[in-house]
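*Asks:* The structure that follows is given in the form of structure tokens.
Where a number appears in this text, it was derived from the coordinates with a stated rule and is not lab data. Treat the numbers as computed from the prediction; the structure is a model and nothing was measured. Neighbour counts are summed over all protein chains in view; Cβ atoms, including those assigned to glycine, are modelled from backbone coordinates with ideal geometry.
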Amino acid sequence: MTRAEFDALCAPHPGAVLSGPGELDAWKVGGKMFACFGHVDTRATNDDHVVVRCADADMARMLIETGAAGKPAYFRGAWVRLDLPGLDPDEAAHRVAVSYDTIRAGLTKKAQAALPLRESD
């Protein structure tokens with residue numbers, strides 16, 4: 001999977017905004033990050049992996065322990081690293097949806113109300 005293909009999975013989510021380029025290149029909803037490509041380095045790009053949020057820390061730990069995801073640098077708890085090369089598009093779409101839904105659900109009711117409705121709303 002390429003960075004452009006991953007971006008195409010994030011973009012359709014209601015209220016999703018790509019911030020960057022800059023120190024962090026991230027997809028956000030309501031100002032909160034749900035997918036992050038990490039620090040920009042002039043010597044290399046970080047387009048080979050992305051960090052997403054799981055529903056809880058137990059799921060993140062299970063994905064890391066089974067090798068389905070990696071442990072991300074600088075992130076703790078329910079965040080995991082997905083390596084884009086070889087990433088199954090269906091798995092990527094699922095991980096993006098879970099991350100987006102988890103972050104969106106954690107927003108204040110006022111912030112949630114300001115976002116476009118999801119198809120399930």
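*Asks:* List the lysines whose Cα lies under 20 Å from the Cα of residue 32, skipping any in the same chain that are fewer than 8 positions away.
*Replies:* Candidates past the 8-residue exclusion: 109, 110.
*Asks:* Which loop trypsin sites (Lys or Arg not before Pro) in the stretch 53-85, with loop taken from DSSP, have no more than 15 other Cβ atoms within 10 angstrom of their Cβ? Could you put the intermediate results ahead of the total?
*Replies:* Working: sites: 53, 61, 76, 81; in loops: 76.
In loop regions of the stretch 53-85 (DSSP not H, G, I, E or B), the sparsely surrounded trypsin sites (Lys or Arg not before Pro) are 76.
*Asks:* Please list, by residue number, every one of the GluC sites (Glu not before Pro) in the stretch 44-121 that is coil in DSSP and has at most 14 other beta-carbon atoms within 10 Å.
*Replies:* Working: sites: 65, 91, 119; in loops: 119.
Within the stretch 44-121, the qualifying GluC sites (Glu not before Pro) (loop, at most 14 other Cβ atoms within 10 Å) are 119.
*Asks:* On a full-extension model of 0.36 nm per residue, what is the gain between residue 66 and residue 117, subtracting their alpha-carbon distance, rounded to one decimal in nm? Before the final figure, lay out the partial values.
*Replies:* Numbers: separation 51, 0.36 × 51 = 18.36 nm, distance 3.48 nm.
Full extension from residue 66 to residue 117 adds 14.9 nm.
*Asks:* Using Cα extents along the principal axes in Å as the read-out, say which of (i) 49, 28, 22; (ii) 39, 33, 25; (iii) 39, 28, 25 was calculated from these coordinates.
*Replies:* From the options (i) 49, 28, 22; (ii) 39, 33, 25; (iii) 39, 28, 25, the structure gives (ii).
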